[in-house]
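Below you'll find the structure, written out as structure tokens, and then a few comments.
Every number here is computed from the coordinates shown, using simple stated rules; none is lab data. Just so it is clear, the structure is predicted and the values come from calculations on it, not from any experiment. Cβ placement follows ideal geometry from the backbone for every residue including glycine, while neighbour counts extend to all protein chains displayed.
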Amino acid sequence: MCGIVGIVGHQPVSERLVDALKRLEYRGYDSAGLATLCEGSLHSRRAKGKLVNLEKRLKEEPLSGIVGIAHTRWATHGAPTERNAHPHIAEGVAVVHNGIIENFAELKDELAAAGAEFQTDTDTEVVVHLLARYRREGMGRGEAMHAMLKRVRGAYALAVLFEDDPSTIMAARNGPPLAIGHGDGEMFLGSDAIALAPFTNAVTYLVDGDWAVIGKTGVDIFNFDGHPVERPRQTSLAGAYLADKGKYRHFMEKEIHEQPEVVARALGYHTSFEGNRADTTSCMDFAGIPSLAISACGTAYLAGLIAKYWFERYARLPVEIDVASEFRYREIPLPPQSAALFISQSGETADTLASLRYCKARGLKTGAVVNSRESSIAREADAVFPIFAGPEIGVASTKAFTCQLVALATLAIGAARARGTATQDEAKALVTSLAEMPGVMGRVLNSIKPDVELLSRELSKCHDVLYIGRGTSFPLAMEGALKLKEISYIHAEGYAAGELKHGPLALVDENMPVIVIAPHDRFFDKTVSNMQEAAARGGRIILITDEKGAAASKLDTMHTIVLPVVDEIIAPMIFALPIQLLAYHTAVLMGKDVDQPRNLAKSVTVE
């Protein structure tokens, strides 16, 4: 979600702060600002909207200073206005904050009764006034910081400047990530290592409950009780890149077309094509567990739903899966000998991280399917299964989704071998099918573009769309609907095809497109019967099938997208391509902000 950057330097920092914020734009935001210490006083510049507005403001009103903090805000409390943008400043204290202060209302009432004057609608401002009050009462900076942390509840990553300390930034973490960068005579702070990559690759990650005093030559870290602690310095793998769209109009388009390459990279790590086997299950004892729990959010959750079919079919391993925001509150009876997988593109998703901790506290072996091996979820899990998607900038996940499926498919195959539910030859055949996937993806992306662009013109005129499918095509139908609603803002829903007559069929008329995802698999005939039910009510049928399915289906459709015939295990990854492109081209035709859709953030670091 929000992004934080800080620099304790020896040269003016405002331009570098803005450049670092640009590397965090992928997270999503609706306002931005920065504060520096100039000639013994705190000064800030803030702007609503994109960073270009803040840059314009800085050009009109330059800001000097060699110590500063900066922020991109994704609104939670208070509208996305300049007034509510961070940093917040009061009585010589400046603060930027990611997260949510859960007890802000009672703190605000208490502070207001004592005379504090609030200027914003945010929860963050209570932090500023708490620190200011403690300083008025005679506390030192560190003492005030520690006292404030004992009062606030919730999720937070904080960066603080004190006007009477021109060479220090204070920081604290409880939930959203914070990384400290070590430079040559200067130090850095960022929401992740990507923001710090141009400055340094030597980073220290704060853990929950840490707070830090960052000077020009080093950092002192304390735990919640105020005792000094040591956190390891490590070399970050985040390259010093500034994401580039290249020849594409949007990052999402670029990331869709990167899938053959990144899927091949993921396969190269998770499989041994020489031995035709999946190689990554040694980290988890699938032979010895009675069940598997999976938890994730959004698109990652839908990848987990597809994996449930694979684990249960190939490995005969029962899977319990739920969205992470519900998972830990259901009080699921999980036997300690079970295992759990947690899927997250960023590796920082707050609900997923909380679910991981819930399972670890109950003695379960945990695995992380993540894009960043430096993330909180990766660091806390017992085993890490990286997806190698590379930086994904578009908020709507595309290449991370298919790479998650690659990692999960290889895990399911490995689990089947470990549990004796698949022979060596059967597992070899599945891995051979996976090996064919990058080539098939490349051919599909090159061949279906005209059909997709034509169909997108029709979808862009619609208000509602239904997606249906059976088997692994059911969660894929939900993913198609999610993609369309995320970036085009068209209302869309995905259903199990067999559920159509149990309610959704009431919505079908001559204005309703029904997108049917139906590879010619063991479910095909039943899916076609459901398609006929919708067609009989006037539904405008859009069939996404393969060459066998196109030949077998005798029903007239509004449009049919024909894909190659592929093995059942790779069908979800291949059939994901047209639903991604449909959403993308529809949103482009409608003039939407494809890469940063309204109200959404890339990395959701609050519950």
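Here is how the numbers come out for the structure above:
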read-out: Computed over the stretch 3-235, Kirkwood Rh from alpha-carbon pairs, angstrom; value: 17.2
read-out: Distribution of pairwise C-alpha distances over the stretch 1-118, 10 Å bins, in %; value: 14, 45, 31, 10, 0
read-out: Added length on full extension, which subtracts the Cα-Cα distance from 0.36 nm per residue, Leu589 to Tyr269; value: 111.4 nm
read-out: His10 paired with Thr421, simple spin-label distance in nm, labels 7 Å along Cα-to-beta-carbon; value: 6.1
read-out: Charge-dipole axis of the chain as Lys and Arg at +1 and Asp and Glu at -1 on Cβ define it, positive-most pick from Ile321, Asn223, Ile89; value: Ile321
read-out: Rg followed by Dmax, in Å, when the stretch 354-475 is reduced to its Cα trace; value: 18.6, 53
read-out: Sequence-separation-based contact order of the stretch 115-252, relative, with Cα cut under 8 Å and 6+ spacing, percent; value: 17
read-out: Theoretical FRET efficiency, 1/(1+(r/R0)^6), r = Cβ-Cβ of Asp109 and Val52, R0 41 Å, to 0.05; value: 0.60
read-out: Value of Rg/Rh across the stretch 448-594 [Cα atoms, Kirkwood radius]; value: 0.93
read-out: As computed over the stretch 244-447, the Cα convex hull volume per residue (Å³); value: 110
read-out: 10 Å-binned pair-distance histogram of the chain (Cα, whole percent); value: 3, 17, 25, 24, 17, 10, 4, 0, 0
read-out: Signed unit charges on C-beta, dipole axis of the chain, positive-most listed residue Gly99, Leu430, Gly181; value: Leu430
read-out: On Cα atoms only, tilt of 571-589 relative to the major axis of the chain in degrees; value: 60
read-out: Two-site FRET efficiency, Asp285 against Glu261, from Cβ-Cβ distance with R₀ of 25 Å, rounded to 0.05; value: 0.15
read-out: Overall Cα dimensions of the stretch 14-62 - principal axes, largest extent first, Å; value: 34, 18, 14
read-out: Mean Cα-pair separation over length for the chain, i.e. relative contact order, pairs under 8 Å, 6 or more apart, %; value: 12
read-out: For peptides 35-41, 306-312, sequence by mean Cβ density within 10 Å, most packed first; value: 306-312, 35-41
read-out: Residue-span extension gain [Glu163 to Asn446] - 0.36 nm each, minus C-alpha spacing; value: 96.1 nm
read-out: The chain, helix-only ellipticity at 222 nm - DSSP H runs n ≥ 4, -39,500 (n - 2.57), divided by all residues, nearest 500; value: -11500 deg cm²/dmol
read-out: Length gained when the stretch Ala147-Arg233 is fully extended (0.36 nm per residue, less Cα-Cα span); value: 28.2 nm
read-out: Between 0 and 90°, nearest 10: helix 473-488 axis offset from the chain longest Cα axis; value: 50
read-out: The chain: angle of helix 298-314 to the longest principal axis, Cα-based, in degrees nearest 10; value: 40
